[in-house]
Amino acid sequence: MSNTISTPGKAFEYAPAPESRSAVDIASSYGLFIDGKFAEAADGATLKTVNPATEEVLAEVAVGGEADVDRAVKAARKAFRTWSALPGSERAKYLFRIARLIQEHGRELAVLETLDNGKPIRESRDVDIPLVAAHFFHYAGWADKLAHAGFGPDPKPLGVAGQVIPWNFPMLMLAWKIAPALAAGNTVVLKPAETTPLTALRFAEICVEAGLPAGVVNIVTGAGETGRSVVAHPDVDKVAFTGSTAVGKEILRTTAGTGKKLTLELGGKAANIVYDDAALDSAVEGIVNGIFFNQGQVCCAGSRLLVQESVADEVLHMLTRRLGTLRLGDPLDKNTDVGAINSAAQLDRITRLVASGDDEGAERWTAPCEIPAKGFWFPPTVFTGVTQAHRIAREEIFGPVLSVLTFRTPAEAVEKANNTPYGLSAGVWTEKGAKALWTAQRLRAGVVWTNTFNRFDPASPFGGFKESGFGREGGRHGLEAYLNV
Amino acid sequence: MKQETLRVTAIHPVSQRGQVKTGDCASTGAVDARAGALPVEREGYLARRYACRYAHVVTMLSAFPADPVEVTSSEAALTRFLHGLPGIDKVGAESRAAMLGTRSIKKDAKAFAIDLAISMIDLTTLEGADTPGKVRSLCAKALHPDPSEPGTPRPAAICVYPDLVAEAKRALGAAPVNVASVATAFPSGRAALDIKLADVASAVAAGADEIDMVIDRGAFLSGRYRQVFDEIVAVKAACARPDGEAAHLKVILETGELSTYDNVRRASWLAMLAGADFIKTSTGKVGTNATLPVTLVMLEAVRDFRAATGRQIGVKPAGGIRTTKDAMKYLVLVNETAGQDWLTPDWFRLGASSLLNDLLMQRHKLATGRYSGPDYVTVD
Amino acid sequence: MSETRLAVNKTYKLYIGGAFPRSESGRVYAVTDTKDRPLANAPRGTRKDARDAVVAARKAYPGWSGATAFNRGQVLYRVAEMLEGRREQFADEVSAAEGVGRNKALASVDAAVDRWVWYAGWTDKLAQVAGGANPVAGPYANWTTPEATGVVAVLAPRKSSLLGLTSVLAPVVATGNTAVVLASEQAPLPALAFAEVLAVSDVPGGVVNLLSGPLAEVAPWLAAHQDVNAIDLAGASHTAGVASVRDLEIAAADNLKRVLRPEAKEPDWTADPGVGRMLAFTEARTVWHPTGN
């Protein structure tokens, strides 16, 4: 400029902006929530839940044994008689109440979720908790409209639902399980993941605050063994599980011949297909959101990037440039993009699979991130030179690790995308509508995001093809899982 | 070119099996993902990490093979080029801008950003009721934005109509505050070219350091890109001064009238190819002025243009930016889209009037710890 | 002359990939009527026949699932037409196989014809009934459609040899799945004869594959087959054993097969079938697309 001295651009580093922890009040220990009351496990067993970002112990939580599960199922059975007999409009009002209480406690729940899970507060605050409230709100409205849901004039609830949920979206998965179950007139015994029990326990308190009748919702914390007891309990009519495909298969074998109704939402290895005529800046955002949302610990994560060869170099340039701006660190910091890995065990799994990528000759690129001294962390990682034969292209890593493959034609893209035992989700990026729909039609996946990724809504059914499980959660379809149809 | 294009390490480096590649600035050597196992040299690491994070936002981009001569050689070539730019997904662009809008700028970062924002303001008055007195008082404000805080930075420029340029120049004297003038039948641009050029020439002759021209949106929307291009080239020529220097040219796209983000990207490239020094969103005179997603798209355009041609172009959102919070969002957008190189008044401006006082009040708050009020900043 | 003429007996064969092969075992088993009088021999299908049938069904899947719903409806209606023309023949087959009187058998054949017509009409309606637009809270078009699950193994009902078979097969193929059917072990002949109807009905080869053979020998292989996406256990037994519902469910777990469990006893196939059997072998696919300009 003629009058000003040309100055170099200035470094704009954001100061720490942590969300306050004062919104939450974590007790030193928690019991099991059975029949409307908290109680210790019969054998007094406990486990510790830690903040994965600091390894600080947050609380001791009871471990439900077989006797505790039995007590919970009995409470649910007893409550089922009155709960299922309530007019749907009354059940609806309880659920609306719960939805509102979740909204009122939104900030607290977001902080609690972030502390226990390690996900960035931006996600728990802007995605998880709002979706939890929306889910209860949606299914509240179904409770007195079951006769209009397309399952016959008088569909009936199944009875007691045993529900086992994962640690990646602790409270959202709880909502996906409990809201439709209660709307349809079932009662539930829910087991949260061992590493993330706190929001479920806070939810139990919200049920009390909402005046929900005792026994309608029972929360039995614990680890795998507790989950097995819930699934195997003979008086459980319905089993709903979200988690790994291996455990899903185990549940199928356990329940074989029992007639228990099942819904399973399992693993995935989603392809994210980028055609050469995509809106590339948006596609790059979609790739980032697809695999680094929640540190990639998402069953529907877009973990396989299939990019058309003619734009592959460019997309990779844009992608690595964009990954350089990701902010990894304190999950409570409002500017954090990538939080902590949920547990040491999960970090081990990611590390092992990444090592296999190295061993099998894929090229690893790691985002330049400083790793905090304590806690469980993994930097955003991109593997190029990956083929369908690599383990990192076939196995679910469940971490911030993207495998990049290329394709030449739409037919090849579809063939590679479908070449997996999984079929949960997929992404398609093209500005050409006809090609987007053509591709979506051919993808063997329960959710196809075209020109977007990782969007969720209570009105939109979610669930898999093939080994990603069966049954749908969300919308009218999600009701079917809890009705005798 | 002075602007050396920065590169992220090639994604296909020739390296040994299993060896880890990271971005340029990160440490090399095997990265163990385990906490604390990163063998980094702590001293200076943060600075380099920062530099890596944002400076490297700029890189080569092969999708824009923009040989300016070739792609502007004919109407057909220009149309082909502009229509061949990658599309923009509206929902994706808006959600990206909204996400960046959630960045929380606190403490030191806020103090830094407030001063940076003040220094980037084109303090503007563009009213039919403008008078020499009004312009003098605005210039006084630019020279002493906060009489109680002498260390307060000055805005980058005063922005006025051409007939008030001379008044502004007199009022500012030798102070390092530029005078920018709108021209070319601002705001509609609906006048014959010779009249627009005369408009520009009069402002330049009166001493304008910067010219904010409007494009012919009618020509753009009806696909007469070459006409828009030629007008910009002609205005650029009219910016020349006898001393061999030239007023800097900001090209106003009036994005509120372009309607789609695809048009914003095309118009951005058109203006840059034609010689714009800056691309600017809006006149402030139509229903929709600067928005975050529009600015995002324009920042992507200047980033890509530099990568393709080596030439850096500035960006100026204008209109409707009133609060410190708004300004912070724009700076975050610059920081995480075009990068640090644009975080200077030379390459990023905020066209605003009431914004300055809000920034000053926030500055007081940071300095004193209590909330300020409108009686404690000057109304000019 | 005619009274001394020796009848020409039919050699019943499997139906795989649109062809009529013998069992790879080279063996047959004697099929008797309900009073243990011999009727004919049926091929003794094996796991290898099942394997070949799955390959044929997989090969036919893209074409059949990719055909328009209208086209599938036309083809299914053609099946009804072809069966209608063979009412008398099938009345004899069913009467012999199920040990029912000829009138009852004819009524059963007619019901089977009508069922094909019913499902022919469903092909282009199910997506509207079971799918739809989802009003999500954001700028997205969002819709859900039922899609064919893939290759479906069907253990046909034990007793109802044609109407029961139709009632389990038609809903599977109506939505675009391809099928590998294991006919009733006791009464396979109407099913094997029905393959001849399919062969002249514009049903592409491989869309329906029909096997006969011992349930206990073939069903576990189908239940465990990794390239079978779903299994209808209509003909399986609730009592313990190698082809019991429980064991087959366990075998099916390995690749997350969709399993349609049988009722406690074989249902009355003349009842309104509803949409349940079609939905059991569809997957809801939801597509999101932003709306913007």
*Which ones in segment B:104-133 are in contact (Cβ under 8 Å) with a residue 60 or more places away in the chain, open to solvent by less than 20 Å² (accessible area, probe 1.4 Å) and facing another protein chain (nearest Cβ under 8 Å)?*
B:105, B:113, B:116
*asked:* Looking at the structure I just gave you, is residue A:159 touching a strand residue (DSSP E or B) at 6+ places or on another chain (Cβ under 8 Å) and of a type in the set (Gly, Ala, Ser)?
replied: yes
*How many residues does segment C:237-256 hold that are more than 9 Å from every other protein chain (Cβ to nearest Cβ), surrounded by 15 or more Cβ atoms within 10 Å (Cβ to Cβ) and not hydrophobic (A, V, I, L, M, F, W, C)?*
1
*asked:* Being of a type outside the set (Phe, Trp, Tyr) and either surrounded by 23 or more Cβ atoms within 10 Å (Cβ to Cβ) or farther than 24 Å from residue A:422 by Cβ (or both) is the requirement here; does residue A:358 meet it?
replied: no
_Test of understanding: among B:320, B:339, B:287, which residue is free of Cβ contacts under 8 Å to residues at least 60 places away in the same chain and touching a helix residue (DSSP H, G or I) at 6+ places or on another chain (Cβ under 7 Å)?_
B:287
*Give B:200, B:228, B:233, B:182 a once-over and let me know the one that is outside any helix (DSSP H, G or I) and of a type in the set (Val, Ile, Thr).*
B:182
_Boolean, residue A:366 is touching a Ser or Thr at 6+ places or on another chain (Cβ under 7 Å), open to solvent by less than 10 Å² (accessible area, probe 1.4 Å) and within 13 Å of chain B (Cβ to nearest Cβ)_ = yes
*Across segment C:84-141, what is the total count of residues that are part of a loop (DSSP other than H, G, I, E, B) and open to solvent by less than 30 Å² (accessible area, probe 1.4 Å)?*
4
*Going through segment C:261-293 one residue at a time, which ones are within 23 Å of residue A:475 (Cβ to Cβ), under 19 Å from the mean Cα position of the chain (by Cα) and hydrophobic (A, V, I, L, M, F, W, C)?*
C:275, C:278, C:279, C:280, C:281
*All but one of (1) under 15 Å from residue C:164 (Cα atoms); (2) among the small types (Gly, Ala, Ser); (3) touching a strand residue (DSSP E or B) at 6+ places or on another chain (Cβ under 9 Å) hold for residue C:50; which doesn't?*
(1)
*asked:* Give all pairs with beta carbons closer than 6 Å in which a residue from segment B:354-380 that is in contact (Cβ under 8 Å) with a residue 60 or more places away in the chain meets a residue that is charged (D, E, K, R) and open to solvent by 60 Å² or more (accessible area, probe 1.4 Å); count only pairs at least 6 apart in sequence or on separate chains.
replied: B:355/B:322
*asked:* Tell me whether segment A:12-29 contains one or more residues that are outside the structural domain of residue A:347 (by TED's automatic domain parsing), without any contact (Cβ under 8 Å) to a residue 12 or more places away in the chain and open to solvent by less than 20 Å² (accessible area, probe 1.4 Å).
replied: yes
_I'd like the full set of residues that are out of contact with any strand residue (DSSP E or B) (no Cβ under 8 Å at 6 or more places or on another chain) and within 12 Å of chain B (Cβ to nearest Cβ), limited to segment A:281-310._
A:281, A:284, A:285, A:288, A:289, A:293, A:310
*Across segment A:229-259, what is the total count of residues that are more than 13 Å from chain C (Cβ to nearest Cβ), open to solvent by less than 10 Å² (accessible area, probe 1.4 Å) and hydroxyl-bearing (Ser, Thr, Tyr)?*
1
*Filter segment A:424-464 for residues that are assigned to a strand (DSSP E or B) and of a type in the set (Ser, Thr, Tyr); which is nearest to the other protein chains (Cβ to nearest Cβ)?*
A:450
_Members of segment C:199-209 found to be open to solvent by less than 10 Å² (accessible area, probe 1.4 Å) and under 11 Å from residue C:56 (Cβ atoms), listed by number_ = C:206, C:207, C:208, C:209
*closer than 17 Å to residue B:252 by Cβ and of a type in the set (D, E, K, R): does that describe residue B:216?*
yes
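Quick grid of which residues meet (1) touching a residue at least 40 places away in the same chain (Cβ under 8 Å); (2) not assigned by TED's automatic domain parsing to the domain that holds residue A:310:
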site: A:191; (1), (2): yes, yes
site: A:222; (1), (2): yes, yes
site: A:233; (1), (2): yes, yes
site: A:249; (1), (2): no, yes
site: A:253; (1), (2): no, yes
site: A:261; (1), (2): yes, yes
site: A:277; (1), (2): yes, no
site: A:285; (1), (2): no, no
site: A:290; (1), (2): yes, no
*Taking segment C:150-168, which residues are over 19 Å from residue C:83 (Cα atoms), in contact with a Ser or Thr (Cβ under 6 Å, 6 or more places away or on another chain) and surrounded by 24 or more Cβ atoms within 10 Å (Cβ to Cβ)?*
C:151
*Within segment A:454-467, is even one residue within 27 Å of residue C:257 (Cβ to Cβ), acidic (Asp, Glu) and buried (at least 23 other Cβ atoms within 10 Å of the Cβ)?*
yes
*How many residues does segment A:311-331 contain that are crowded, with 24+ Cβ neighbours inside 10 Å, farther than 24 Å from residue A:407 by Cβ and within 11 Å of another protein chain (Cβ to nearest Cβ)?*
2
*Subset of segment A:20-75 (residues that are part of a loop (DSSP other than H, G, I, E, B), out of contact with any Phe, Trp or Tyr (no Cβ under 7 Å at 6 or more places or on another chain) and over 30 Å from residue A:334 (Cα atoms))*: A:35, A:36, A:40, A:41, A:42, A:43, A:44, A:45, A:63, A:64, A:65
_Selected residue [crowded, with 18+ Cβ neighbours inside 10 Å, touching a strand residue (DSSP E or B) at 6+ places or on another chain (Cβ under 9 Å), part of a loop (DSSP other than H, G, I, E, B) and not aromatic (Phe, Trp, Tyr)] from C:219, C:234_ = C:234
*Within segment A:242-279, work out how many residues are in contact with a strand residue (DSSP E or B) (Cβ under 8 Å, 6 or more places away or on another chain) and part of a helix (DSSP H, G or I).*
6
*Give me the pairs: first residue in segment A:417-441 and farther than 14 Å from residue A:452 by Cβ, second residue among the charged types (D, E, K, R) and assigned to a loop (DSSP other than H, G, I, E, B), beta-carbon distance under 8 Å, and six or more apart or on different chains, which are they?*
A:418/A:444; A:420/A:269; A:422/A:269; A:422/A:396; A:423/A:444; A:432/A:277; A:435/A:277
*Inside segment B:343-380, can you point out the residues that are out of contact with any Lys or Arg (no Cβ under 8 Å at 6 or more places or on another chain) and closer than 19 Å to residue B:100 by Cβ?*
B:347
*Return yes or no: is residue B:162 over 13 Å from residue B:355 (Cα atoms) and modelled with pLDDT under 95?*
no
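The values are calculated or read from the model by the stated rules, or taken from the named source; none is laboratory data. Fair warning: this is a prediction, and the values are worked out from it, not measured in the lab. Backbone-built Cβ (ideal geometry, glycine too); neighbour counts: all protein chains shown. These accessible areas exclude ligands, DNA and RNA; they are computed on the full protein's heavy atoms, side chains included. Shrake-Rupley method; radii C 1.70, N 1.55, O 1.52, S 1.80 Å.
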